[in-house]
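Here it is, the structure, as structure tokens.
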Amino acid sequence: MDRQPDESAFRILVPWQKAVIIIGTILLLLLIAINPYFWLFVLFTIVNITYFVMNPVKFYVSMQGMMGEKNVIHISDEDIQNLKDEDLPIYTVLVPLFHEQEMLPHILQNIANINYPRDKLDVKILMEEEDTETIEKARKLGLFGNVEEIISPMSEAEYHAFLSIFHPVVIPKADITTKPRACNYGLKRSRGEFVVIYDAEDLPDRDQLKKVVIAFQRLGPKYACVQCLLNFYNPRKNMLTRWFSIEYSYYYDFYIQGLDKIDAPIPLGGTSNHFRMKTLRELGAWDPYNVTEDADLGMRIARKKLHTAVLNSHTYEEAVTRVPSWIRQRSRWVKGFVITWFVTMRHPIKVLKDIGIKNFFIFQTGFGGNFYLPLMNLFLWLVFAAGFIIPEYFSSWFDFWPFAAIAVFNLLIGNLFFLTMMVFATWKEKQRDLLLYAFFSPIYWILMSIGAWKGTLQLIFKPYKWEKTSHGTEIVHEQLLIEHPERFSKPIKWIEVKSPEVDRGARKATGTQIAFSVGLTVLLILFALVLFGVLEYKPVTDHFTITKIPGLNQVMKPLKDYQSGKDVRLLNYEAIPGPYSTSPPVILPKPTLTQEITVGPTFQPDRPASTISAPGEPGLLVRYDPLVNRIIITAEKSLPEGDYYVVTIGSGEREYSKNIDTTPGTLSLNGGSGVTQVKVFRVLRTGAQIPVIDSSL
């Protein structure tokens with residue numbers, strides 16, 4: 001904040017940004033209040049065009065990560081064996097904890113298991129002064145000297161040797177309590193040449209630190225950071241963890257590696273990002289006012305013309321298992337991306353000069369897209385759903401052909417692409433049993449939108465609130481140490497650390513899962529073919545108007561015009577709603593009650609009044625009125641566009657037909673002088689005729 005105020009999130013919005021947001025929001029709300037139909041159409045158009053620009057960029061980055069030679073550094077076992085311990089530098093490990101006393105034994109054990117010389121490890125256990133529970137747990141474990149509990153059945157001397165690499169750091173209380181502030185405080189007490197952050201629940205590869213040392217030696221000084229791959233050790237805990245794991249597989253295996261391959265700014269992960277200590281300090285370390293400090297630092301690395309590499313080493317985390325906790329975690333991530341975008345865009349021209357036009361564009365679609373797309377998804381999905389409920393209101397929005405094409409591209413191609421990426425990422429990880437869940441990722445995307453809105457709204461009222469995520473309580477157990485009491489000078493407790501089993505091995509799908517996945521895929525393909533008119537499935541289309549998906553008819557219109565020999569028009573500007581356009585009336589079919597016939601003097605005394613209804617066609621009535629000798633056919637409900645009724649009247653050998661083209665509607669015909677056959681057919685827009693009434697009067 002003091003050294004580089006332009007890069008600090010202490011003040012999230014500078015005056016010109018605040019003015020643009022306030023004036024723009026007030027103006028938009030005012031315009032919508034004046035003419036909601038037109039200005040909602042303008043907003044919907046802007047959102048779709050932005051999507052149309054962002055999606056192909058994300059497609060390109062993802063495909064770069066999926067195809068061809070990736071720019072991931074591969075370190076072999078032989079490379080590690082050739083390292084000499086005396087040549088390795090001191091390595092600082094920062095472990096920020098906040099109300100995670102249950103996980104403290106777990107992370108101590110996991111770091112102690114890392115394959116790195118103990119005298120070269122400098123591990124800082126960072127605890128907030130107000131977090132008395134975690135400090136008390138550290139005191140019992142002996143981090144402050146006095147041992148009351150140990151992590152495994154070791155002798156007193158062995159346990160003190162185990163503790164020698166860990167250094168407790170208590171961060172004084174301040175106005176904000178964030179992970180980046182704790183890391184900065186620990187950084188000032190660090191003595192390593194390299195530094196890494198591990199979270200309390202992390203399980204890093206044993207050789208990760210050695211791999212990073214080799215990577216930095218190969219990469220040279222232009223590389224400030226090495227990001228390791230992240231995923232979860234409990235992907236099959238429940239439906240949520242499966243979706244979360246699928247998302248991580250796509251994000252780190254395809255998207256992050258795609259950014260690395262094209263040398264674009266990389267939003268760092270929250271853990272297992274390794275830095276050169278000297279370079280990190282020159283960058284200003286972490287911004288304590290940014291709750292997604294890793295993404296912010298990744299952008300500052302790019303602006304300083306430095307680079308981030310991706311390493312073939314995994315760190316496994318615990319996936320959040322409960323939806324409320326997952327929403328809190330996602331809201332913090334999104335809030336941090338919003339903060340990072342606003343802070344970086346204070347001086348857009350300077351950012352453009354710093355990173356170049358290609359990376360500037362990718363920054364807008366990547367960093368900006370990480371919060372913009374989930375936010376706008378909810379708006380688009382609501383409009384999409386409303387398009388089925390009140391189609392009259394939205395139908396003319398799509399009459400301008402280019403916009404209809406853009407909207408349908410975003411709906412079909414955009415969603416299908418990301419769905420396909422989730423499936424491919426799951427296949428690449430050899431988690432074949434998760435393929436079925438990948439098909440249902442759109443449900444997970446709804447949760448992402450909810451988290452995004454929560455984080456963005458929280459930015460207004462609680463911009464620096466750190467949404468804490470609970471982790472790992474089920475993998476820690478305690479019991480009294482009774483096997484070797486003679487090893488200690490006083491009674492102690494044994495903390496049994498149950499290391500998590502990494503459930504990431506190749507997993508085959510069951511026969512049921514394969515059958516269901518194949519069947520679902522075939523159904524989706526058939527559904528798409530029916531939507532585009534390649535297949536005509538009459539048993540369905542005779543009863544449901546499938547192609548009523550908003551915008552799809554308008555997109556297909558040029559093709560239909562071409563097939564019918566009409567002039568094809570792709571730029572029908574007159575179809576664009578004007579600023580004074582009013583919304584079409586919303587047609588809510590309310591059946592008109594049929595008036596009862598009062599029987600009086602009849603045309604012929606032997607002719608009674610009568611009424612015939614169609615059980616399968618509610619609202620359709622045929623009645624005879626003897627007062628005027630008329631047969632009256634009443635259609636009280638609206639039919640879908642293109643459908644109509646044909647009424648055939650026959651008396652003896654004479655027969656004629658009349659149509660009811662507009663519904664609700666009424667048709668009145670001569671009652672004749674004898675028995676009259678009445679047949680009513682419903683004609684669908686496909687041309688099929690369905691008999692609904694066949695009777696005589």
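The values are calculated or read from the model by the stated rules, or taken from the named source; none is laboratory data. Just so you know, these numbers come straight off a predicted model, no measurement behind them. Quick reminder, even Gly has a Cβ in these numbers, built from the backbone with ideal geometry, and neighbours come from all protein chains shown. In case anyone asks, the SASA skips ligands and DNA or RNA and just uses the protein heavy atoms, side chains included. Shrake-Rupley method; radii C 1.70, N 1.55, O 1.52, S 1.80 Å.
Yes/no matrix, rows are residues, columns are (1) aromatic (Phe, Trp, Tyr); (2) in a helix (DSSP H, G or I); (3) modelled with pLDDT of 95 or more:
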{"site": "THR177", "(1), (2), (3)": "no, no, no"}
{"site": "CYS183", "(1), (2), (3)": "no, yes, no"}
{"site": "ARG191", "(1), (2), (3)": "no, no, no"}
{"site": "VAL195", "(1), (2), (3)": "no, no, yes"}
{"site": "GLU201", "(1), (2), (3)": "no, no, no"}
{"site": "ARG206", "(1), (2), (3)": "no, no, no"}
{"site": "PHE216", "(1), (2), (3)": "yes, yes, no"}
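Scan the stretch 610-650 residue by residue and report those that are part of a loop (DSSP other than H, G, I, E, B) and out of contact with any Ser or Thr (no Cβ under 7 Å at 6 or more places or on another chain). It would help to see each step written out before you state the result.
First, the residues of the stretch 610-650 that are part of a loop (DSSP other than H, G, I, E, B): 614-619, 626-629, 636-643.
Across the stretch 610-650, the qualifying residues are ALA614, PRO615, GLY616, GLU617, PRO618, GLY619, VAL628, ASN629, GLU641, GLY642, ASP643.
I'm told VAL169 meets every condition in (1) touching a residue at least 40 places away in the same chain (Cβ under 8 Å); (2) hydrophobic (A, V, I, L, M, F, W, C); (3) not in a strand (DSSP E or B) except one. Can you identify the failing condition by its number?
It fails just one condition, (3).
Scanning the stretch 142-175 for residues that are within 42 Å of the chain's Cα centre (by Cα) and modelled with pLDDT under 90, which turns out least open to solvent (accessible area, probe 1.4 Å)?
Applying the filter and picking the extreme gives ILE151.
Still on this structure: Kindly indicate whether ASP354 is under 24 Å from THR45 (Cα atoms) and either in contact with a strand residue (DSSP E or B) (Cβ under 8 Å, 6 or more places away or on another chain) or among the acidic types (Asp, Glu) (or both).
Judged against the criteria, ASP354 is not a match.
Anything in the stretch 680-697 that is touching a strand residue (DSSP E or B) at 6+ places or on another chain (Cβ under 7 Å) and charged (D, E, K, R)? List them, or say none.
Those that are touching a strand residue (DSSP E or B) at 6+ places or on another chain (Cβ under 7 Å) and charged (D, E, K, R): ARG682, ASP694.
Mind counting the residues in the stretch 616-652 that are under 18 Å from ASP694 (Cβ atoms) and either charged (D, E, K, R) or touching a helix residue (DSSP H, G or I) at 6+ places or on another chain (Cβ under 6 Å) (or both)?
2
Can you pull out every residue in the stretch 440-451 that is surrounded by 18 or more Cβ atoms within 10 Å (Cβ to Cβ) and either aromatic (Phe, Trp, Tyr) or in contact with a Lys or Arg (Cβ under 7 Å, 6 or more places away or on another chain) (or both)?
If the condition is that a residue be surrounded by 18 or more Cβ atoms within 10 Å (Cβ to Cβ) and either aromatic (Phe, Trp, Tyr) or in contact with a Lys or Arg (Cβ under 7 Å, 6 or more places away or on another chain) (or both), then TYR444, TRP445, MET448, GLY451 are the ones that fit.
Now for a different question. Taking the criterion of being at pLDDT 90 or above, of a type in the set (S, T, N, Q) and in contact with a Ser or Thr (Cβ under 6 Å, 6 or more places away or on another chain), would at least one residue in the stretch 98-108 satisfy it?
Within the stretch 98-108 (the criterion being at pLDDT 90 or above, of a type in the set (S, T, N, Q) and in contact with a Ser or Thr (Cβ under 6 Å, 6 or more places away or on another chain)), the answer is no, since none of the residues qualifies.
What residue, of TYR223, TYR233, TYR250, is in contact with an Asp or Glu (Cβ under 8 Å, 6 or more places away or on another chain), aromatic (Phe, Trp, Tyr) and touching a residue at least 24 places away in the same chain (Cβ under 8 Å)?
Numbers: TYR223 fails: in contact with an Asp or Glu (Cβ under 8 Å, 6 or more places away or on another chain); TYR250 fails: in contact with an Asp or Glu (Cβ under 8 Å, 6 or more places away or on another chain).
After applying the criteria, what remains is TYR233.
Same structure again: Which members of the stretch 73-103 meet the condition of being within 20 Å of SER152 (Cα to Cα), out of contact with any Asp or Glu (no Cβ under 6 Å at 6 or more places or on another chain) and surrounded by fewer than 24 Cβ atoms within 10 Å (Cβ to Cβ)?
GLU102
Given (1) open to solvent by 10 Å² or more (accessible area, probe 1.4 Å); (2) without any contact (Cβ under 8 Å) to a residue 24 or more places away in the chain, identify the lone condition not met by TYR116.
(2)
Separate question: Within the stretch 421-439, take every residue that is open to solvent by 30 Å² or more (accessible area, probe 1.4 Å) and over 20 Å from GLY519 (Cα atoms) and give me the one that is modelled with the highest pLDDT.
LYS428
So, one more: Which condition number in (1) surrounded by fewer than 23 Cβ atoms within 10 Å (Cβ to Cβ); (2) modelled with pLDDT under 90; (3) of a type in the set (Val, Ile, Thr) is the one that VAL291 fails?
(1)
In the stretch 258-276, which residues are in a helix (DSSP H, G or I) and either of a type in the set (Asp, Glu) or open to solvent by 10 Å² or more (accessible area, probe 1.4 Å) (or both)?
If the condition is that a residue be in a helix (DSSP H, G or I) and either of a type in the set (Asp, Glu) or open to solvent by 10 Å² or more (accessible area, probe 1.4 Å) (or both), then ASP260, LYS261 are the ones that fit.
Follow-up. Before we move on, is ILE125 in a strand (DSSP E or B), surrounded by 13 or more Cβ atoms within 10 Å (Cβ to Cβ) and in contact with a strand residue (DSSP E or B) (Cβ under 8 Å, 6 or more places away or on another chain)?
Details: in a strand (DSSP E or B): yes; surrounded by 13 or more Cβ atoms within 10 Å (Cβ to Cβ): yes; in contact with a strand residue (DSSP E or B) (Cβ under 8 Å, 6 or more places away or on another chain): yes.
Criteria met by ILE125.
Hey, can you tell me all the residues within the stretch 31-42 that are surrounded by fewer than 16 Cβ atoms within 10 Å (Cβ to Cβ) and either of a type in the set (D, E, K, R) or in contact (Cβ under 8 Å) with a residue 60 or more places away in the chain (or both)?
The one that is surrounded by fewer than 16 Cβ atoms within 10 Å (Cβ to Cβ) and either of a type in the set (D, E, K, R) or in contact (Cβ under 8 Å) with a residue 60 or more places away in the chain (or both): PRO36.
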